[in-house]
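Bear in mind that the values in this text are calculations on the coordinates, not laboratory data. Small disclaimer: the values here were computed from a predicted structure and weren't measured. As a convention, Cβ positions derive from the backbone with ideal geometry for all residues, glycine included, and neighbour counts pool all protein chains shown.
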Amino acid sequence: MNLTTALARLLIFPGLLFAVPAAWFFLWVERKAVALMQGRIGPPFMQPFYDFIKLLGKSTPPRSGVSGLLMKMWPLIAVSAAAGAVGLLPVLPSSGGFEGDLILLLALLELPSICIIAAGFSSRSIFGEIGSAREAALSVSYNVVFLLAIVSIAASQHTFRLEALAGLPTSPLHWLGVVAILVCLPAKLHINPFSLPNAEQEIYSGPMTEYAGPELAMWELSHGLEWVAATGLVATLAAPHLTLWWLAALVFVGLSFAVVLLLSAVAAATARLAIDTTVRFYWQCTLIFAVLAISSALFMRIRS
Amino acid sequence: MNLWNRLMCYSRRRSPWLFHMNGGSCNGCDIELIASLTPRYDAEQLGVRLEGSPRHADILCITGPITHNAVNPIKTVYDQVCGPKAVVAIGSCPATTNVFIDSRTLAGPLNLHIPVDVFVPGCPPRPDAIIQGVAKAAEILAERAAKKLPVEPVVMPLVGPGCGGACGCTAADKSGAKEAQP
């Protein structure tokens, strides 16, 4: 991948120019789907865009010193990491990529969550600290399953290159991994039943409590970009291999949309779990599947 | 006004985020504010979102007759709401202290302490009246931010049964509203 294609992927498709409207669209789809399932009409189509513009026009409280600077930096790091993760997705066939880009994608997907933890602690608000502690506990529980699932997929296909993973024929083991990733997504995107870090009416807004104006707009945007990147990862792993570029892009967008709908249905149908129940869920119930997936992947690799 | 300012004004009108605060209310108005977000009234159609932190909010919704203990927290929260902002006084209590008038535990109506933009009368007001008040407050907020003009407080008309046609409703609307009562 040379510099031009890398820049084009980061800035145009599937990078910023595509990802930012897609982030707003997915945020709207989630809110609208939840509203429809609750028998409401829900927000208008442009709502996340209006929210974003309005937040850009609001004033921010003055912050001084190192912690003030850090508080301004975290949302920007989160947005750039999420945008970079979207840019790495191999949407178009033969779009390049390099050996090990799956590892970079996982790191970039994890950065927004680390930024949220750091932001909550640097805001020095008691609610922010509780939210950050919850986010950290949540991250430690779902990431084990998430990473084991991805490693099992990569090990069964003998590659850490995203495009090669998307192109290879799928096996039952592959689908087990995709299901394990899907189970982790509600926790990664902080939606019900794992909306613990930003638990509204419980700890105010968690790590975001002290944020206002353009900084909050950046957090909303990074949340939307996380939606695009996480659903895009599932779409990449689940999509059939296609050579026509427009069909591949269409299938990618359609699959991402289906994943958003599925997650919204889960969010609308469930209530928030307590932190100990959540940690137990990931460590006791889903870890078994992840260990099964990775051990059978390694077993098959040794046999072949 | 250039394009960006017009877009900003439009977005402010379409995206009012609320922060709800109780100033010694009996909980009647608080329940009605929550009811305006439920499937029957669905304020989210107007972009309304109930926020957990005053820093995120545009509109401060205050209920209750403002007790002595509530004055300082209300002033603090008002300062924490980032501008441009608006205040909606929900119910008759923050406007006039209602039936609690002359009580020695009260620090008087809300507009003695912070500037109020919209009064929504009623004991308690109906959820549709609250939604109307919030929409009006969002309009005031957007206009004030665009033109930098002080805007006089607005008293919303009573809505629903007993309004005497003040809200411009017809007899058919009122019979429908009566049927809606359990």
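Working carefully through the options B:GLY108, B:GLY133, B:GLY47, find the one that is crowded, with 22+ Cβ neighbours inside 10 Å, away from chain A (no Cβ under 14 Å) and of a type outside the set (Val, Ile, Thr).
Sole residue among the options that is crowded, with 22+ Cβ neighbours inside 10 Å, away from chain A (no Cβ under 14 Å) and of a type outside the set (Val, Ile, Thr): B:GLY133.
In the range A:180-203, which residue that is of a type in the set (A, V, I, L, M) and more than 14 Å from chain B (Cβ to nearest Cβ) is nearest to A:LEU16 (Cα to Cα)?
Checked the range A:180-203; the qualifying residue nearest to A:LEU16 (Cα to Cα) is A:LEU189.
Kindly provide the set of residues from the range A:36-59 that are crowded, with 16+ Cβ neighbours inside 10 Å and β-branched (Val, Ile, Thr), ordered by number.
Passing the criteria: only A:ILE53.
With the structure loaded, tell me whether A:GLN38 is within 14 Å of chain B (Cβ to nearest Cβ) and touching a Pro at 6+ places or on another chain (Cβ under 8 Å) or whether it fails that test.
For A:GLN38, the condition - within 14 Å of chain B (Cβ to nearest Cβ) and touching a Pro at 6+ places or on another chain (Cβ under 8 Å) - is met.
Does the range A:209-228 hold any residues that are crowded, with 24+ Cβ neighbours inside 10 Å, part of a helix (DSSP H, G or I) and facing another protein chain (nearest Cβ under 7 Å), and which are they?
Residue satisfying the conditions is A:LEU216 alone.
Starting from the range A:43-58, take each residue that is more than 8 Å from chain B (Cβ to nearest Cβ) and list its partners that are part of a loop (DSSP other than H, G, I, E, B), counting only C-beta distances under 6 angstrom and pairs at least six apart or across chains.
As it stands, the answer is none, since no pair meets every condition given.
So in the range A:21-35, with the set limited to residues that are touching a residue at least 24 places away in the same chain (Cβ under 8 Å) and small (Gly, Ala, Ser), which one is farthest from the other protein chains (Cβ to nearest Cβ)?
A:ALA22
Would you be able to say whether some residue in the range B:22-41 is of a type in the set (D, E, K, R), within 12 Å of another protein chain (Cβ to nearest Cβ) and buried (at least 19 other Cβ atoms within 10 Å of the Cβ)?
No: zero hits.
Does A:GLY206 count as within 14 Å of chain B (Cβ to nearest Cβ) and surrounded by fewer than 22 Cβ atoms within 10 Å (Cβ to Cβ)?
no
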